[in-house]
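Asker: Pasting a structure below so you can have a look.
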Amino acid sequence: MSLIKICGLSTQDTLDAALDAGADMVGFVFFEKSPRDISIPLAGALGRMVGKRAQKARTEADEWLERARSAIKRNDDGGHSFVYKQPESPDEEALCKEAMEGCPVEAIGSDGNGA
C-alpha cells in the first residue's frame, strides 16, 4: 500500500488542498532558510486543523529541541522527542510548553496536569 505525503504546507489553504486531495500524511517545515519555514505556533494551529484526517510529519533544524535541550531529549531510533524531566525554572517550563504545543506530530506528550 502506498501513502501520499505532501510536505511544506504553510497556510490553511495549502493544508485544505492537501487533505481534500486525499493526502495520508501532511508535513511542516521548521528550517529558517526554507521558503516554507513556519513558526511553532502556526504549526500547532495547522496540526490541530488536521485532526485525525491524516498523519502529521515535520522537517526541522531542531531549533525548538535545542532551546529546550535541558528538559527534552530526542530518540533518533524511534523518531520522536520526549520531556525526560520536570522543568526546573519558569523559563524551562515555558520552553517545554512551547515545544509540546507546537510539535505538529504530537510526538511530545505529557502524562500529568502540569508541564
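A quick yes/no check of all residues on (1) more than 26 Å from LYS97 (Cβ to Cβ); (2) within 13 Å of the chain's Cα centre (by Cα):
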{"position": "MET1", "(1), (2)": "yes, no"}
{"position": "ASP13", "(1), (2)": "yes, no"}
{"position": "ALA18", "(1), (2)": "yes, no"}
{"position": "ASP24", "(1), (2)": "yes, no"}
{"position": "ARG36", "(1), (2)": "no, no"}
{"position": "ALA43", "(1), (2)": "no, yes"}
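Asker: Residues in segment 55-76 that are at pLDDT below 85, among the charged types (D, E, K, R) and under 28 Å from ASP24 (Cβ atoms): how many?
Answerer: 6
Asker: For segment 77-106, what are the residues that are β-branched (Val, Ile, Thr) and modelled with pLDDT of 65 or more?
Answerer: Let us first name the residues in segment 77-106 that are β-branched (Val, Ile, Thr), namely 83, 105.
Result: VAL83, single match.
Asker: I'd like the full set of residues that are touching a Gly at 6+ places or on another chain (Cβ under 7 Å) and in contact (Cβ under 8 Å) with a residue 60 or more places away in the chain, limited to segment 6-47.
Answerer: ILE40, PRO41, ALA43, GLY44
Asker: Further question: For segment 1-54, which positions are surrounded by 12 or more Cβ atoms within 10 Å (Cβ to Cβ), in a loop (DSSP other than H, G, I, E, B), at pLDDT 90 or above and not polar (S, T, N, Q)?
Answerer: Of everything in segment 1-54, those that are surrounded by 12 or more Cβ atoms within 10 Å (Cβ to Cβ), in a loop (DSSP other than H, G, I, E, B), at pLDDT 90 or above and not polar (S, T, N, Q) turn out to be LEU9, ALA23, ASP24, ARG53, ALA54.
The values are calculated or read from the model by the stated rules, or taken from the named source; none is laboratory data. On a predicted model such as this, the values are computed, not experimentally measured, just so you know. Every residue, glycine as well, gets a Cβ built from its backbone with ideal geometry; the counts of neighbours run over all protein chains shown.
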